[in-house]
Amino acid sequence: MSNPAPASPAKPPASGLAVGLALALLGSIAFSAKAIIVKLAYRHGVDAVTLIMYRMLFALPIFAAMAWWASRGKPPLSRKDVWGVLGLGVTGYYLASFLDFAGLVYITASLERLILYLNPTLVVLLGWALYGKRIHWGQAVGMLISYCGVVLVFGLEAQSQGGQAAWGALLVFLSAVSYAVYLVYSGEMVQRIGALRLVGLATTVACICCLVQFVVLRPLSAAIVAPQVLWLSVLNATLCTAAPVLMVMMAIERIGAGMAAQAGMVGPLSTIFMGIWILGEPFTLWLAVGTCLVVAGIFVFTRLARKAVGG
């Protein structure tokens, strides 16, 4: 998951460009590793409710500290902003994260990453549905290409997994929609209270929601899990949750959102590589073709989206 932040100047210095690109690449790879860690944890008999509870439990101190740091010397939030933070925390981080974890029970990490990679197209579609914003014909072509790639990869999994693949893909797609809702509605608040403060507060809300969800839905005895689950959850909370959030935000400050997004295209490729290497997921020609279609479609989409905004 990536987070909005003010764009930096169009032509950063050479040193800032190199650092920014490195941060964007590392952040994208770290984000993508989340699915791998979740799939590894599922091998130890844990369920989605318990696993996401541990992820958010270990991430909570980090995000609470982030919210405190970004709030220093700032005026208190208005009642409107408090409700806004609560709503964005529930939709953008709690619901999106839980649906993603639940979907990964049924589908491969590769398909999960390709579905989540459609997020920019969902933001544009929501803008069209909610605000009547026009979709450029070139953007529509990019969306068509990328969705064809996802359908191709999904079809391969559906042949072997059947209805489970369909259910898992639907859950992950709803996760992407939930995060797109966060992006659509967070723009105004980012300008008003700042990106780092909003991310820290909203993710803190999400962490608390996941802890409450576990207490309500599971007996406390369910918290007894294999030691491997705990270590994987610590890794997920730090390397794949808090660290990439900061890295991507720092990258955007140095090279701008557009270039950071292009560097993020390494995400699906890194997930597929790690899925094959670490999880033993199968690699086929059709998976390669589907991935190329998704990446190419998003590349076309984002390029033409920026041209449409600029023109």
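The values are calculated or read from the model by the stated rules, or taken from the named source; none is laboratory data. Just so it is clear, the structure is predicted and the values come from calculations on it, not from any experiment. Don't worry about glycine lacking a Cβ; one is built from the backbone with ideal geometry, like all the others, and counts go over all protein chains shown. Keep in mind that these areas ignore ligands, DNA and RNA; they rest on the heavy atoms of the full protein, side chains included. Shrake-Rupley method; radii C 1.70, N 1.55, O 1.52, S 1.80 Å.
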Exercise for review: Check cross-link reach from K39 to the aspartates and glutamates: straight Cα distance under 15 Å, and skip same-chain residues fewer than eight apart.
Suggested key: D47, D100, E112, E281
Check your understanding: Within the accessible area of the chain, what % is carbon and sulfur when the probe is 1.4 Å and the other protein chains stay in place?
Key -> 73 percent
Check your understanding: Relative contact order for the chain using alpha-carbon pairs under 8 Å, separation at least 6, rounded to a whole percent?
Key -> 46 percent
Review point. Which residue fluctuates the most in the chain, going by a Gaussian network model with Cα springs under 10 Å, if the choices are L51, L95, L285?
Key: L285
Revision key, fill the gap. For the range 182-297, using Cα atoms only, the Rg and Dmax in Å read 18.3, 47
Revision key, fill the gap. Calculating Cα extents along the principal axes in Å from this structure picks out, from (i) 88, 45, 36; (ii) 53, 50, 40; (iii) 56, 44, 34, entry (ii)
Practice item. Over the chain, give the accessible area per residue in Å² for a 1.4 Å probe, as an integer. Key: 46 Å²
Exercise for review: Quick one: dipole size for the chain, taken about the Cα centre, charges +1 on Lys/Arg Cβ and -1 on Asp/Glu Cβ, in debye to the nearest 20.
Suggested key: 800 debye
